[in-house]
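Derivation of every value follows stated rules applied to the coordinates shown; laboratory data play no part. Computed from a predicted model, the values in this text were never measured in an experiment. Cβ atoms come from the backbone with ideal geometry, glycine included; neighbour counts cover every protein chain shown.
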Amino acid sequence: MKLILIFTAVAALWLGDIESGHYSPLHSAEARAKQSDEQILAEAFKTHRSNFQAQVQAKVIKVLPDDNAGSRHQRFLVALASGLTLLVAHNIDLAEPVAGLKIGDEVELYGEYEWNDKGGVLHWTHRDPSRRHVDGWLKYDGKLYQ
């Protein structure tokens, strides 16, 4: 009987917290799963978190020269709707370069996020030929680049 009373009291408090707005659903695993990758990236930037896969849609704000030192990378900056900016480093030794990319274009990206003080870097936007890393991709103008 005491157990039922305790359970009832806890349930009433919990339900009261939800109705009053004091309960934070972001503490549940289900709610965290519903967070968008863009929200997760904003939190990762604040907490300096790195090394996780993210999928975002973004607008190109600057096209940079290719990085030809070591593995070659096509580089460009994107802005997310949240205002966070990311450097995209797309490995063009392993994937086709994105042709015709220009400022203002929309791209969809799936790759690994690495924190830096300017917003972060999204890389691994290609297949991993050694099959040790999750495959990434980049979509632009109806075409998939891997």
Next item on the list: May I ask you to evaluate 6.51 cos²θ - 1.76 cosθ + 1.60, the Karplus curve with θ = phi - 60°, for each residue of segment 81-96 and list the ³J(HN,Hα) values in order in whole Hz, giving x for glycine and proline?
Entry: 4, 6, x, 5, 10, 10, 8, 9, 10, 9, 5, 8, 7, 10, 9, 5
Next item on the list: List, in order, the whole-Hz ³J(HN,Hα) value for each residue of segment 106-118 obtained from phi through the Karplus relation with A = 6.51, B = -1.76, C = 1.60 and θ = phi - 60°; use x for Gly and Pro.
Entry: 9, 9, 10, 10, 9, x, 9, 8, 10, 5, 8, 6, 9
Next item on the list: State log₁₀ I(q)/I(0) for segment 79-119 at q = 0.19, 0.24 Å⁻¹ as given by the Debye formula over alpha-carbon point scatterers of equal weight, solvent excluded.
Entry: -0.72, -1.09
Margin query: For HIS126, what residues show an amide H to amide H distance below 5 Å, using hydrogens built from the backbone and excluding near sequence neighbours?
Written below: GLY136, TRP137
Item checked: Hz values of 3J(HN,Hα) by residue in segment 70-77 - Karplus curve (6.51, -1.76, 1.60), Gly and Pro given as x -> x, 5, 7, 10, 7, 10, 7, 9
Check: Taking a threshold of 23 Å on the Cα-Cα distance, which of the pairs LYS46/LYS102; LYS118/LYS143; LYS102/LYS143; LYS46/LYS139 fall above it?
Finding: LYS46/LYS102; LYS118/LYS143; LYS46/LYS139
Check: Taking neighbour Cβ counts within 10 Å as the exposure measure, how do ASP37, ASP135 sort from fewest upward?
Finding: ASP135, ASP37
Item checked: Kirkwood Rh in Å, taken over segment 35-145 so that all alpha-carbon pairs contribute -> 13.9 Å
Notebook entry, point to check: Around ARG72, which amide H atoms from residues at least 5 apart in sequence, or from another chain, sit under 5 Å from its own amide H, with H modelled in the peptide plane?
Noted result: ILE92, ASP93
